[in-house]
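A.B. asks: One structure is given below, represented as structure tokens, and several questions about it will come after.
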Amino acid sequence: MARAAAEQLRLADVVQSWLGRPVLVIGDAMLDEWRFADSDRLCREAPAPVLTLRRRISAAGGAANTAVNIATLGGRSVLVAPVGADAAGDELHDCLDRAGVWDRTVSQPGRYTPVKRRMLAGDQILLREDSGDPDDPLSDLGVDCLLTALDCASAELRAASGGEKPALVVCDYGLGALPAPVRAWLVEHRDRYATVALDAHDLADWRGLAPTVVTPSFAEATRLLARAGTIRPTTNPATAADPVGTGASPAAGGRELHLEHPEVDPADGPSELTVGTAPGAAGMRRTDGPTGEPTPGESRVAMTRDGLSVTGTGVTVNAEVGAGVDRAVLAESRLAELRAHTGAAVVAVTLDTEGAVVGGVDGAPARSHSTPVPASHAVGAGDAYLAAMTLALAADAPLSTAAQLAQLAATSTVAGTGTCVCRREDLLAALGRPAADDRQVLVDTGHLTEIVAEHRRAGRSIVFTNGCFDVLHRGHVRYLEQARALGDLLVVAVNSDGSVRRLKGADRPVNPIEDRAALLAALTCVDHVVVFEEDSPAALIEAVRPDVYVKGGDYPPELVPEAPLVQRLGGQVRTLGYVPDRSTSAIIDRIRAYGQEGATDAQAAPTPAVETSGATGTGTAATTGADAPPLTGKAP
């Protein structure tokens with residue numbers, strides 16, 4: 001038990017150490033759209049469900065989701081990617097802003113933002129619609145703009161980090177964001193980045209980058225080996241003789257699994273890799289299983305029915321003689337070759353629901369495990385894995401530690417349906433070290449200005465609002481949630497008790513400042529709470545210089561008294577409408593009305609009497625003092 005606690009503490013220390021690490025992400029950014037529907041009948045025209053749309057959410061996908069995960073895990077994240085000048089691109093910008101990612105994407109007029117739209121009924125994905133043409137190349141001007149953004153973002157990130165070299169994450173999913181000139185620029189300027197992580201469908205394109213770590217799926221890894229024409233592993237002869245751990249050897253008549261590259265022109269179809277018996281042995285390759293999702297440039301996915309070995313694009317597992325193949329053992333036996341073919345120091349082969357196998361130049365391979373979940377829960381889990389792996393290696397964590405944290409980050413995101421995002425607080429909580437203890441919500445003015453300055457240096461936007469917040473209610477919560485969505489950090493200034501009395505009258509506040517501030521600080525949408533004594537928050541606004549100043553009300557922003565000051569300081573003013581019939585004054589009036597009604601009812605009721613006995617006889621007397629029943633009003 002003590003050893004496990006010490007290990008969790010060590011991992012939590014690594015998570016703490018990567019806070020603020022600079023990371024530049026470049027690659028194929030996309031928008032994930034989730035449409036949740038109900039279905040209780042089939043339509044008359046065809047055996048298809050009739051769907052009633054209930055809600056729709058959008059999330060960053062692809063390289064954008066990797067950038068979001070780096071930001072939410074505590075890194076300083078910058079995204080460079082081409083994005084279409086369309087509605088999907090606008091939504092993607094909003095997703096990046098909400099997550100605190102430095103958005104350095106390049107608008108590409110005439111090019112659509114890639115979108116993956118999923119329609120679900122219950123927890124089941126019924127269909128997915130993809131838009132955005134991967135065969136639509138960037139224009140020469142678009143490439144030039146992307147290279148300029150890449151150069152500027154790299155310099156900006158290093159300057160903001162005090163000269164520290166940033167890490168680089170490359171996400172190449174074959175959607176056209178990384179044409180040859182961009183790849184050549186990254187190879188040429190490799191020395192500008194300390195740690196380089198690569199996630200690419202086609203790893204062969206990136207051999208010259210010399211990445212620190214590559215994270216291929218089992219399908220991508222085997223496809224690379226197939227194209228390289230490998231036949232046998234070059235290391236670990238014992239594993240080569242018996243890769244599934246049966247103890248048999250070819251000489252003893254055992255089954256030796258191997259990788260075979262078909263003698264076909266790659267242009268004729270997808271590259272295939274057969275996992276089966278050694279040459280000359282009997283066996284039939286079966287490819288008539290269900291089909292899955294092809295990656296760009298490939299035509300199909302072969303999937304076995306043995307329930308053990310799931311393949312990917314262009315990979316076929318012999319389900320007859322290869323049953324029982326352990327993908328982890330097979331991947332482990334090929335790590336050296338994968339490092340050689342990718343030029344990477346570390347290779348992490350991800351095995352979806354089976355975890356991952358990670359190996360470096362030195363040391364034994366690390367094996368991590370995952371818990372099987374529905375497919376709709378695991379979308380983007382690989383992005384969380386890549387983000388945590390990059391941050392851990394950038395923080396100089398040992399490879400085994402980086403592998404543990406990457407798997408934990410991916411696993412902790414798959415609790416529900418949607419695009420997976422791992423927050424630093426979630427990761428620390430999974431390690432038994434909640435992050436809430438190190439986040440001081442209630443601060444004084446001096447500390448607040450220091451906090452705001454630090455966030456502003458990191459490129460985050462500051463939202464500021466103020467009020468009495470005397471009786472916290474649903475309208476307040478919705479208002480503060482909407483305010484938080486307008487930026488990266490929400491600061492709430494709350495009037496002191498004396499200030500409330502001057503503004504509202506001698507009978508206010510109902511709740512003292514200690515209670516009001518504590519309740520506000522408990523809301524997850526509130527980052528910091530500060531108390532001010534003055535009747536106006538002008539001095540605090542001067543100190544904080546908010547990017548967005550928010551007030552509640554249905555009037556135009558220009559009528560807000562603080563508007564001229566905020567605008568002079570370079571900020572903008574927003575007004576948010578109240579929830580109807582929700583206000584502190586209305587709640588207090590209802591409570592008072594109930595109290596008055598109860599008192600009236602009690603006074604109108606007949607006076608209860610009790611019979612008492614005395615030394616001289618009997619009689620009646622009204623109860624008094626402690627014996628009297630309390631006069632209570634109706635419950636509100």
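Condition check ((1) at pLDDT below 90; (2) buried (at least 16 other Cβ atoms within 10 Å of the Cβ); (3) closer than 30 Å to R456 by Cβ) across all residues:
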residue: R10; (1), (2), (3): yes, no, no
residue: D13; (1), (2), (3): yes, no, yes
residue: Q16; (1), (2), (3): yes, no, yes
residue: I57; (1), (2), (3): yes, no, yes
residue: T72; (1), (2), (3): no, yes, yes
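A.B. asks: Right, next: As an exercise: evaluate L126 against (1) surrounded by fewer than 17 Cβ atoms within 10 Å (Cβ to Cβ); (2) without any contact (Cβ under 8 Å) to a residue 60 or more places away in the chain; (3) not in a loop (DSSP other than H, G, I, E, B) and give the number of the one condition it does not meet.
C.D. replies: The number of the failed condition is (2).
A.B. asks: OK, next. Of the residues in segment 183-206, how many are of a type in the set (A, V, I, L, M, F, W, C) and under 14 Å from L24 (Cα atoms)?
C.D. replies: Within segment 183-206, the first condition is being of a type in the set (A, V, I, L, M, F, W, C), and the residues that meet it are 184-187, 194, 196-198, 200, 203-204, 206.
If we keep only those that are under 14 Å from L24 (Cα atoms) too, we end up with 186, 194, 196-198.
Looking only at that region, the number is 5.
A.B. asks: Let me ask something additional. For T66, are the conditions met, namely being open to solvent by 50 Å² or more (accessible area, probe 1.4 Å), polar (S, T, N, Q) and in contact with a strand residue (DSSP E or B) (Cβ under 9 Å, 6 or more places away or on another chain)?
C.D. replies: It is false that T66 is open to solvent by 50 Å² or more (accessible area, probe 1.4 Å), polar (S, T, N, Q) and in contact with a strand residue (DSSP E or B) (Cβ under 9 Å, 6 or more places away or on another chain).
A.B. asks: Continuing with the same structure: Does K165 meet the test of being within 30 Å of A37 (Cβ to Cβ) and either open to solvent by 30 Å² or more (accessible area, probe 1.4 Å) or assigned to a strand (DSSP E or B) (or both)? Walk me through how you get there before you give the answer.
C.D. replies: Details: within 30 Å of A37 (Cβ to Cβ): no; either open to solvent by 30 Å² or more (accessible area, probe 1.4 Å) or assigned to a strand (DSSP E or B) (or both): yes.
Considered against the rule, which asks whether it is within 30 Å of A37 (Cβ to Cβ) and either open to solvent by 30 Å² or more (accessible area, probe 1.4 Å) or assigned to a strand (DSSP E or B) (or both), K165 comes out as no.
A.B. asks: Restricting the search to segment 195-222, which residues are assigned to a strand (DSSP E or B) and open to solvent by less than 10 Å² (accessible area, probe 1.4 Å)?
C.D. replies: V196, A197, L198, A200, V213, V214
A.B. asks: Could you pull out every one of the strands (runs of 3 or more DSSP E) wholly within segment 341-401 that has 2 or more residues that are more than 19 Å from A210 (Cβ to Cβ) and open to solvent by less than 30 Å² (accessible area, probe 1.4 Å)? Break it down into steps so the answer makes sense when it comes.
C.D. replies: Details: elements: 346-350, 356-360, 366-368.
Strands (runs of 3 or more DSSP E) meeting the threshold: 356-360, 366-368.
A.B. asks: Further question on the same structure: Condition first: buried (at least 21 other Cβ atoms within 10 Å of the Cβ), out of contact with any Phe, Trp or Tyr (no Cβ under 9 Å at 6 or more places or on another chain), on the phi < 0 side of the Ramachandran plot and aromatic (F, W, Y). Can you find one or more residues in segment 185-194 that meet it?
C.D. replies: Scanning segment 185-194 turns up at least one residue that is buried (at least 21 other Cβ atoms within 10 Å of the Cβ), out of contact with any Phe, Trp or Tyr (no Cβ under 9 Å at 6 or more places or on another chain), on the phi < 0 side of the Ramachandran plot and aromatic (F, W, Y).
A.B. asks: Name the pairs: first residue in segment 472-483 and within 19 Å of P512 (Cα to Cα), second residue open to solvent by less than 40 Å² (accessible area, probe 1.4 Å) and of a type in the set (K, R), Cβ to Cβ under 8 Å, at least 6 apart or on different chains?
C.D. replies: L472/R516
A.B. asks: Could I ask something else about it? Filter segment 86-123 down to the residues that are in a loop (DSSP other than H, G, I, E, B) and surrounded by 19 or more Cβ atoms within 10 Å (Cβ to Cβ) and list them by number.
C.D. replies: Those that are in a loop (DSSP other than H, G, I, E, B) and surrounded by 19 or more Cβ atoms within 10 Å (Cβ to Cβ): D86, G100, V101, R104, T105, R111, T113, P114.
A.B. asks: Something else: Suppose we keep only residues that are touching a residue at least 60 places away in the same chain (Cβ under 8 Å) and under 29 Å from L408 (Cα atoms) within segment 74-85. Which one would you say is most open to solvent (accessible area, probe 1.4 Å)?
C.D. replies: R76
A.B. asks: To continue, here is another question. With the checklist (1) of a type in the set (K, R); (2) touching a Phe, Trp or Tyr at 6+ places or on another chain (Cβ under 6 Å); (3) under 30 Å from S412 (Cα atoms) in hand, flag the one item R516 doesn't pass.
C.D. replies: (3)
A.B. asks: Does any residue of segment 446-460 turn out to be hydroxyl-bearing (S, T, Y) and more than 30 Å from V14 (Cα to Cα)?
C.D. replies: No, every residue in segment 446-460 fails to be hydroxyl-bearing (S, T, Y) and more than 30 Å from V14 (Cα to Cα).
Residue by residue, here is whether (1) of a type in the set (V, I, T); (2) farther than 15 Å from L31 by Cα; (3) open to solvent by 20 Å² or more (accessible area, probe 1.4 Å); (4) assigned to a helix (DSSP H, G or I) holds:
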residue	(1), (2), (3), (4)
L141	no, yes, yes, yes
T148	yes, yes, yes, yes
A153	no, yes, no, yes
R158	no, yes, yes, yes
L178	no, yes, no, no
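A.B. asks: Here's another thing I want to ask about it. Of all residues in segment 38-54 being closer than 14 Å to L127 by Cβ and assigned to a strand (DSSP E or B), which is least open to solvent (accessible area, probe 1.4 Å)?
C.D. replies: Here the answer is P49.
A.B. asks: Filter segment 442-467 down to the residues that are assigned to a loop (DSSP other than H, G, I, E, B), closer than 17 Å to R516 by Cβ and open to solvent by less than 20 Å² (accessible area, probe 1.4 Å) and list them by number.
C.D. replies: V443
A.B. asks: Also: Of all helices (runs of 4 or more DSSP H) completely enclosed by segment 493-585, which ones contain at least 2 residues that are within 30 Å of the chain's Cα centre (by Cα) and buried (at least 20 other Cβ atoms within 10 Å of the Cβ)?
C.D. replies: Helices (runs of 4 or more DSSP H) meeting the threshold: 513-522.
A.B. asks: What is the one condition in (1) over 28 Å from L79 (Cα atoms); (2) in contact with a helix residue (DSSP H, G or I) (Cβ under 7 Å, 6 or more places away or on another chain); (3) at pLDDT 90 or above that L489 does not satisfy?
C.D. replies: Going through the list (1) over 28 Å from L79 (Cα atoms); (2) in contact with a helix residue (DSSP H, G or I) (Cβ under 7 Å, 6 or more places away or on another chain); (3) at pLDDT 90 or above, L489 breaks only (1).
The values are calculated or read from the model by the stated rules, or taken from the named source; none is laboratory data. Since we're looking at a predicted model, the values are computed, not measured. Here Cβ is always computed from backbone atoms with ideal geometry, including for glycine, and neighbour counts include all displayed protein chains. The protein model used for the area step is the full one, side chains on, heavy atoms only, and it has no ligands, DNA or RNA in it. Shrake-Rupley method; radii C 1.70, N 1.55, O 1.52, S 1.80 Å.
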